[in-house]
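Only one structure is covered here, and it is reproduced in the block below.
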Amino acid sequence: MKKLWKKVVASLVIGVLTVGAAGCAKGETASSGSTEVVTEDNVLSEQVDSTKEENNTDATTEANETIHLRFGATGWKLYESLLQAAGLDDFEGYEVEYFVFQGGNLCLEALAADQIDFTTTSEIPPIAASKSAGGGNFKIVLIGSSSPQNQEVVALETSGIKTIADLKGKKVGYIKNTTAHYFLNEMLKKEGLSWNDIEPVEITTADGVTALIGGEIAAFASYGNSINAAKANGAITIETAVNILSGNFPLEISETALQDEAKTEAIADYFARVQKAYEWAGNNLEEWAKIQAEPTGNTEEESLDLLQRTYNDRGYYYNLIGIDDNVIASEQSVADALYELKVLDDKTDVSTFYDTSFYEKYQKALENLN
């Protein structure tokens with residue numbers, strides 16, 4: 001098993017661990033890259049607590065003081081790299097520290113504990129987070145709209161599994177309370193199967209790849225770098241979730257941070273820069289493909305193919321949009337599905353997740369960049 005784990009790490013390390021460890025020295029600002037790799041085991045670690053004590057401000061940030069923002073990223077420091085590539089990381093009056101997590105559910109756990117100020121996830125983690133104490137300490141303020149590529153069920157090519165129907169009676173790994181949980185169930189329903197027709201195995205992204213390669217599970221429902229790592233070790237796509245998921249990726253801010261006007265305006269400026277950086281990437285797919293290839297565990301050719309598929313699916317790479325009825329209805333449909341799965345004990349009204357007042361600040365920040 002140790003040899004097997006080393007093989008998986010070789011595929012995952014540049015996509016998750018090395019990226020996070022590349023700049024974890026304290027005191028570095030966003031321009032130089034400060035990062036903490038956070039896993040399920042150390043999400044409440046002393047190091048994060050130390051960061052909180054040293055850098056967290058009171059409800060109102062003092063004038064002329066450099067604002068310290070803490071961003072929770074999933075998998076790798078995408079936003080930091082994107083902003084640097086587009087030349088938009090010249091923040092004024094604030095700095096950003098990046099914490100890397102294995103999934104959006106862990107990002108929201110950190111947000112609930114006031115260890116980070118803002119993050120982005122899929123539609124599923126906010127639903128589970130809303131059940132925690134204090135409602136999760138978050139508000140969804142914007143939506144990232146993009147084609148949901150690299151969200152798949154994979155199996156080893158040698159397994160003989162070709163379709164979702166072939167999963168009946170088999171062990172299937174998935175990441176609880178994430179898109180993988182949701183789309184796996186939807187795929188099963190499409191084939192006339194239910195959750196009870198498989199042996200679901202709750203697992204993490206990294207452990208899921210290890211279990212798949214080692215034969216401990218027959219298939220794996222996952223996303224992002226873990227899909228790349230699985231394919232690098234002999235896995236193939238059984239089905240993609242591109243036509244199941246909405247492509248809505250909520251951007252959440254802690255309610256604590258929203259009470260700080262200066263911090264909120266800094267976050268609005270940051271997201272405006274992210275939007276402009278995505279526009280740059282959409283116009284420079286080949287250059288961006290070269291930059292993101294290594295952190296995502298892809299070759300440059302694979303990276304470009306993924307970006308082109310993402311762009312061509314919707315005619316844009318990634319756009320930040322405001323909250324509307326369609327956004328809320330999509331989130332509600334996911335919550336209802338999780339209730340049917342018995343993941344939730346009661347039905348959830350997702351309309352309480354949102355804060356629409358932030359959009360005006362974001363629009364103003366966007367105008368200031370133009």
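Scanning segment 108-124 for residues that are of a type outside the set (S, T, N, Q), within 13 Å of E97 (Cβ to Cβ) and within 13 Å of the chain's Cα centre (by Cα) gives a single hit, F118. When G136 is tested against (1) over 17 Å from Y223 (Cα atoms); (2) modelled with pLDDT of 95 or more, only condition (2) is not met. Among the residues making up segment 80-97, those that are assigned to a loop (DSSP other than H, G, I, E, B) and small (G, A, S) are G87, G93. Among the residues of segment 76-103, those identified as closer than 17 Å to E252 by Cβ and open to solvent by less than 10 Å² (accessible area, probe 1.4 Å) are V96, Y98, F99, V100, F101, G103. Residues of segment 287-314 that are within 15 Å of L78 (Cα to Cα) and hydroxyl-bearing (S, T, Y): T296, S303. The residues of segment 147-200 that are β-branched (V, I, T) and closer than 18 Å to A335 by Cβ, listed by number, are I175, T178, T179.
Could you check segment 128-163 and list, in sequence order, the residues that are hydrophobic (A, V, I, L, M, F, W, C) and either buried (at least 23 other Cβ atoms within 10 Å of the Cβ) or out of contact with any strand residue (DSSP E or B) (no Cβ under 8 Å at 6 or more places or on another chain) (or both)? Break it down stepwise before answering.
Looking only at segment 128-163, we keep the residues that are hydrophobic (A, V, I, L, M, F, W, C), and these are 128-129, 133, 138, 140-143, 153-156, 161.
Matches in segment 128-163: A128, A129, A133, F138, I140, V141, L142, I143, V153, V154, A155.
Of all residues in segment 193-202, which are without any contact (Cβ under 8 Å) to a residue 12 or more places away in the chain and either on the phi > 0 side of the Ramachandran plot or assigned to a helix (DSSP H, G or I) (or both)? Answer for segment 193-202, where residues must be without any contact (Cβ under 8 Å) to a residue 12 or more places away in the chain and either on the phi > 0 side of the Ramachandran plot or assigned to a helix (DSSP H, G or I) (or both): just N196.
With segment 128-178 as the region, which strands (runs of 3 or more DSSP E) entirely inside it contain at least 3 residues that are touching a Leu at 6+ places or on another chain (Cβ under 9 Å) and closer than 27 Å to S303 by Cβ?
Values: elements: 138-145, 151-156, 171-174.
It comes to 138-145, 151-156.
Give the residue that is most open to solvent (accessible area, probe 1.4 Å), with candidates limited to residues of segment 298-354 that are in a helix (DSSP H, G or I) and among the basic types (K, R).
Checked segment 298-354; the qualifying residue most open to solvent (accessible area, probe 1.4 Å) is R309.
Go through (1) modelled with pLDDT of 95 or more; (2) within 19 Å of I124 (Cα to Cα) for I213 and report which single condition fails. In the conditions (1) modelled with pLDDT of 95 or more; (2) within 19 Å of I124 (Cα to Cα), I213 misses (2) alone. Restricting attention to segment 165-189 and to residues that are more than 26 Å from the chain's Cα centre (by Cα) and on the phi < 0 side of the Ramachandran plot, the residue that is most open to solvent (accessible area, probe 1.4 Å) turns out to be K168. What do you reckon, is K263 surrounded by 13 or more Cβ atoms within 10 Å (Cβ to Cβ), assigned to a helix (DSSP H, G or I) and in contact with a helix residue (DSSP H, G or I) (Cβ under 6 Å, 6 or more places away or on another chain)? Spelling it out, K263 is indeed surrounded by 13 or more Cβ atoms within 10 Å (Cβ to Cβ), assigned to a helix (DSSP H, G or I) and in contact with a helix residue (DSSP H, G or I) (Cβ under 6 Å, 6 or more places away or on another chain).
The values are calculated or read from the model by the stated rules, or taken from the named source; none is laboratory data. Keep in mind the model is a prediction, meaning the values are calculated, not measured. Please note: Cβ atoms are built from the backbone with ideal geometry, for glycine as well, and neighbour counts cover all protein chains shown. Accessible surface is based on the protein model in full, side chains and every heavy atom, while ligands, DNA and RNA are left aside. Shrake-Rupley method; radii C 1.70, N 1.55, O 1.52, S 1.80 Å.
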